[in-house]
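The values are calculated or read from the model by the stated rules, or taken from the named source; none is laboratory data. From a predicted model like this one, the values you see are computed outputs, not experimental measurements. Heads up, the Cβs are rebuilt from the backbone with ideal geometry, glycines too, and the neighbour counts pull from every protein chain shown.
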Amino acid sequence: MATNHYRTEEFYISEGGPYHNAIMKMHLHNRVFKLALLILCITWLPLVIITFFEGTLYTGVQLPFLKDVDMQARILVAMPMLVLIKRIIDIKVAKVVDYLPHSLLSPEEWQGQFTSVLDRVRKVINSKYIEIALLLTIVTINVFFNGSFVFNLEDTTTSWRVRTAPGIHEVSIAARWAFYVSVPVFQFLFVRWLLRYFIWVWLLYRLSKTNLNLVVTHADRSGGLGILSLAQQGFMYIFVALGIVVSGEFITQLLIDPAAFPAIRNEAMGYIILCILLIILPLFFFNNKLLNLKHEAQFKMSDLSADLSREFEKHWLSDLPIGERLVGKEANSSMLIDYQSMYDVLLQLRTVPVNLRDIIAMAVLLFIPFLPILVIHFSVAELVSKIVGMVV
């Protein structure tokens, strides 16, 4: 298939909006490690300092700050990850978008329709009103629920979140910082990424409605659409970050009630399956096109097969001497073998541009945040014996 030479303006889905403009002014947009460190200095470090002066950093209460697995998973691990995955997702998505005008779209289709879709996407991700509305929604929800997910005043366990003294039972200063600063920052980063993902899903939907130059015999067994899974794998890290938070909550439950392991195991498996579905389902937008492509190619190649086979049999299964049969080249055996190879490739064409290996890789990646749960519930020796038993 001939390729066209229309290049796209670099498309980075994480860019745009007040947040990106702010880190641009601080020259941190390409320094994700420094940005992650800065955010930790705003969200996590003040909690360390405040709990140190309140006497609840590592001791002093039943649940000191550094032993609060739920909060450490959310603030210390998952939140920096939401910053660090920027380059991974941007690079993968940019490569996929740059691939479109070269291999999947004709110049007319690219210039006539899809560039306008990209312009609309850029306008959405650059909108300051969307991010402001997003931030206001997060603050409103937090105020409405009064921070019940951050601290529980009715909990009898002494904690860094509640300041307790004779006649005093109130939210600690550290918990207020967590409620008004740390947790909203995490929520903003996560929901912002989630919004970017749904914008990408909409972009895939619009792509599925264009006239795609799909190739039946493409090596990716997906007509040339296999590269889309590259971007989907990048967005998987958003759900891995959320999985770290979920795992932190599960660990807290497990430490309180070891008998909760079966329920936790089932919920973790459900979470992994749900995330895989969220990543794979947008690829089903292309199911109809790939199915039609496969059926049409089967009809065409079946007709070709009949003509080629008849010509081959007529030439090679005749009563002519072998010397005379070798002179003719209009129906040689190598042509028939090449055709059979092409037909085998056609039969392997996937109707959804994802393979089992990709799905297994996603499942393994999503499972990693839940490994500490197994380590806590089982002894190391018992865990190793179970793994060996599964392998052997």
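Here are some residues: Tyr19, Tyr12. Which one is of a type in the set (Phe, Trp, Tyr), closer than 26 Å to Ala133 by Cα and in a helix (DSSP H, G or I)? Give the derivation first.
Details: Tyr12 fails: in a helix (DSSP H, G or I).
Matching residue, one of Tyr19, Tyr12: Tyr19.
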### Query
So Tyr58 clears everything in (1) of a type outside the set (D, E, K, R); (2) assigned by TED's automatic domain parsing to the domain that holds Val185; (3) touching a residue at least 12 places away in the same chain (Cβ under 8 Å) except one condition, right? Which one?
(3)
### Query
Restricted to the stretch 208-240, and to residues that are part of a helix (DSSP H, G or I) and more than 10 Å from the chain's Cα centre (by Cα), which residue is nearest to Ala36 (Cα to Cα)?
Leu228
### Query
Considering Pro101, Pro80, which residue is part of a helix (DSSP H, G or I) and more than 25 Å from Leu195 (Cβ to Cβ)?
Pro101
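Would you mention how many residues in the stretch 52-77 are assigned to a helix (DSSP H, G or I), of a type in the set (A, V, I, L, M, F, W, C) and under 35 Å from the mean Cα position of the chain (by Cα)?
Initial filter on the stretch 52-77 (assigned to a helix (DSSP H, G or I)): 52-54, 65-67, 69-77.
Now restrict to residues that are of a type in the set (A, V, I, L, M, F, W, C): 52-53, 65-66, 69, 71, 73, 75-77.
Filter again for under 35 Å from the mean Cα position of the chain (by Cα), leaving 65-66, 69, 71, 73, 75-77.
Selection size over the stretch 52-77: 8.
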### Task
Quickly run through the stretch 1-26 and pick out the residues that are at pLDDT 90 or above and farther than 20 Å from Met79 by Cα.
Lys25
### Task
Output yes when any residue across the stretch 27-37 is without any contact (Cβ under 8 Å) to a residue 40 or more places away in the chain and either under 30 Å from Tyr205 (Cβ atoms) or not assigned by TED's automatic domain parsing to the domain that holds Ala174 (or both), and no when none is.
yes
### Query
Is there any pair with a first residue in the stretch 170-184 that is over 12 Å from Ile39 (Cα atoms) and in contact (Cβ under 8 Å) with a residue 40 or more places away in the chain and a second that is among the β-branched types (Val, Ile, Thr) and part of a strand (DSSP E or B) whose Cβ atoms are under 8 Å apart and which are 6 or more apart or on different chains, and what are they?
Ser172/Val162
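Quick check: anything in the stretch 76-91 more than 18 Å from Val185 (Cα to Cα) and touching a Gly at 6+ places or on another chain (Cβ under 6 Å)?
Among the residues of the stretch 76-91, at least one is more than 18 Å from Val185 (Cα to Cα) and touching a Gly at 6+ places or on another chain (Cβ under 6 Å), which makes the answer yes.
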